[in-house]
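Q: Questions regarding the structure given below will be posed in turn.
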Ligand code: S3P
């Protein structure tokens, strides 16, 4: 594949189309890491087949866990809570995956030998202090390179449960503490700002870990009793709403189009994007809703709208839409009026500085955009907005979501685009271009 794509034409209207979306990335990584801690064979179906997932699988293989990847399923032979085969000089490479890097550390709080955790150029810029601090409280030791990868973790025989307040709204931090708690005698107590709750749901419904969860007004309160043996399990991973969102926005912004996305994880802690788009005047509906191991799953119906309106969003939905904000910014450019979003500092801590790049790309698109205090952004939109210029998007730290958002902008808003690094989407959504082609996109 060439190292850029060219898009010169908007997608033609499409109707009565149905798409399947690959498995959820968060659930796929949790399936892999949690399976490695059970005693016996776990089988995962519809696992995402992407580079982030391969990084997670390679990491647990290095810890002595057998993984058999088949076309339609993934079998993992866990060694029990303390079943990793620790060796000297182990290096685990999480590639581009923050979730893998942060969550794998939490499974290593008992390692006899120091283990090096590293990642690619983008991951090496990301903050690991946020999980190092609580994991130190459990008793693990770190050589921590100012909180950036590569780091070394050495475990302890005498881990202890902790009290921990999670104040970033980060599911990765909350989950790291929850997973470390599994290897510790006693009760770990967590007070956390709301964030995606897949780990809680898996602990409760699948692993049957003794867990108490109370969702109060501002915080969630979680208690986990550690050292409870986890039995093997099977898990069918639903489609990823973060990946589905690219197609939701493509449909919404294109003319006279309609789309159904099948079997998507619509857990309310992930559907901030739908709530926000509906507040902007979209009419996105969930169909055929059902529960699976605590997760809400359904089909998503979306159709085009030319009457979108600006939004003045407070920060309560930020964490449940955190991976979709660049798409939401794109929609704001086609809304009547001035939209504003606040408290988005976490966006600049992702695979690239997404708030900064979002502002830069909107400006390239000639959309009036202003950064506001409080890590906010204001976007001047217009229902008739169209792009009529040449835009070149360089390879910004190979951020998969930046590549995909720009592709959607080109196909729905027009312009003449050259977008670098089509390989980046293999991180999270390897069938992205294929699905666009199936809807009739012209991409060279
Ligand atoms: C994830 C949590 C989010 C999200 C990331 C996946 C997870 O990060 O951005 O893509 O699987 O727990 P934070 O928890 O750091 O916000």
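The values are calculated or read from the model by the stated rules, or taken from the named source; none is laboratory data. Nothing here was measured: the structure is a model prediction, and the numbers come from that model. Don't worry about glycine lacking a Cβ; one is built from the backbone with ideal geometry, like all the others, and counts go over all protein chains shown.
Q: Yes or no: residue 212 away from the ligand (no atom under 16 Å from the Cβ), under 25 Å from residue 316 (Cβ atoms) and at pLDDT below 95?
A: So residue 212 fails the test.
Q: Of 326, 277, 347, which residue is in contact (Cβ under 8 Å) with a residue 40 or more places away in the chain, in a helix (DSSP H, G or I) and under 16 Å from the mean Cα position of the chain (by Cα)?
A: 326
Q: Residue 226: surrounded by fewer than 23 Cβ atoms within 10 Å (Cβ to Cβ), more than 16 Å from the ligand (Cβ to nearest atom) and in the same structural domain as residue 88 (by TED's automatic domain parsing), yes or no?
A: yes
Q: Taking the condition assigned by TED's automatic domain parsing to the domain that holds residue 17, part of a strand (DSSP E or B), surrounded by 18 or more Cβ atoms within 10 Å (Cβ to Cβ) and touching a helix residue (DSSP H, G or I) at 6+ places or on another chain (Cβ under 6 Å), does residue 302 pass?
A: yes
Q: Another question, if that's okay. Residue by residue through the range 251-260, note down the ones that are part of a helix (DSSP H, G or I) and out of contact with any strand residue (DSSP E or B) (no Cβ under 7 Å at 6 or more places or on another chain).
A: 253
Q: Ok, one more. I need the full set of residues from the range 232-250 which are out of contact with any strand residue (DSSP E or B) (no Cβ under 7 Å at 6 or more places or on another chain) and surrounded by fewer than 21 Cβ atoms within 10 Å (Cβ to Cβ), in order please.
A: Residues satisfying the conditions do not exist here.
Q: Of the residues 168, 137, which is within 27 Å of residue 348 (Cβ to Cβ) and away from the ligand (no atom under 11 Å from the Cβ)?
A: None of the others qualify; the one that does is 137.
Q: When the residues of the range 350-393 are filtered to those that are in a strand (DSSP E or B) and touching a helix residue (DSSP H, G or I) at 6+ places or on another chain (Cβ under 7 Å), which remaining residue is farthest from residue 97 (Cα to Cα)?
A: Applying the filter and picking the extreme gives 381.
Q: Only one of (1) without any contact (Cβ under 8 Å) to a residue 60 or more places away in the chain; (2) within 21 Å of residue 320 (Cβ to Cβ); (3) away from the ligand (no atom under 16 Å from the Cβ) is not met by residue 174, so which one is it?
A: (3)
Q: For the structure I just gave you, tell me whether residue 15 is surrounded by fewer than 24 Cβ atoms within 10 Å (Cβ to Cβ), in contact with a strand residue (DSSP E or B) (Cβ under 6 Å, 6 or more places away or on another chain) and in a loop (DSSP other than H, G, I, E, B).
A: For residue 15, the condition - surrounded by fewer than 24 Cβ atoms within 10 Å (Cβ to Cβ), in contact with a strand residue (DSSP E or B) (Cβ under 6 Å, 6 or more places away or on another chain) and in a loop (DSSP other than H, G, I, E, B) - is met.
Q: Also, I was wondering about something else. Quick check, is residue 355 over 30 Å from residue 213 (Cβ atoms), within 16 Å of the ligand (Cβ to nearest atom) and modelled with pLDDT of 95 or more?
A: The answer is yes for residue 355.
Q: Moving on. Let me confirm something: among 199, 159, which residue is touching a helix residue (DSSP H, G or I) at 6+ places or on another chain (Cβ under 6 Å), closer than 30 Å to residue 425 by Cβ and in the same structural domain as residue 75 (by TED's automatic domain parsing)?
A: 199
Q: When only residues in the range 85-118 that are within 14 Å of the ligand (Cβ to nearest atom) and part of a loop (DSSP other than H, G, I, E, B) count, which is surrounded by the most Cβ atoms within 10 Å (Cβ to Cβ)?
A: In this case the residue turns out to be 97.
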